[in-house]
Amino acid sequence: MGAFSASVTQASVQSDVQCYDWGVWSEGSVRVYDGEVAYLYCPLFSHPTLYSYSQTQNSSLSLLWYRHTRTHELEQPINLKLHTLHKDREYLWIQPATTQDAGLYICMLR
């Protein structure tokens, strides 16, 4: 279902607003049977020195989820208005999961 890898790097973009790409990945993949519930954890919050979910709620940052599939060149924003996908804090829940939900899931703070 979703795959991430585990490393942390930092690159900053020079502008009036500080922008950091922490490059946090989690290599595990989530496998789930058709019709079962799947959840994905945003790896940005697995390193407490980077972000905590409550800290981001008190700032102007928003947690956004994207999905990259083999059929699209770029990742697509996840439509949380669909009844099968919803966000709960730093988790993305897929219920019920289907084969159409397969892909690389990406979380970003913006």
**Fill in**
Rounded to two decimals, the Debye log10 I(q)/I(0) of region 38-109 (Cα scatterers, no solvent) at q = 0.16, 0.22, 0.25 Å⁻¹ is -0.59, -1.02, -1.21
**Request:** Note the full-extension length gain between TYR53 and SER29 as 0.36 nm times their separation in residues minus their Cα-Cα distance, in nm to one decimal.
**Result:** 6.4 nm
**Complete:** Taking only protein heavy atoms and a 1.4 Å probe, the highest-to-lowest accessible-area order of ILE78, ILE94 is ILE78, ILE94
**Complete:** The extension gain from TYR39 to GLN95, computed as 0.36 nm times the residue separation minus the Cα-Cα distance, is 19.3 nm
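The values are calculated or read from the model by the stated rules, or taken from the named source; none is laboratory data. Please read these numbers as outputs of a predicted model, since none were measured by experiment. What goes into the accessible areas is simple: the full protein's heavy atoms, side chains included, and nothing from ligands, DNA or RNA. Shrake-Rupley method; radii C 1.70, N 1.55, O 1.52, S 1.80 Å.
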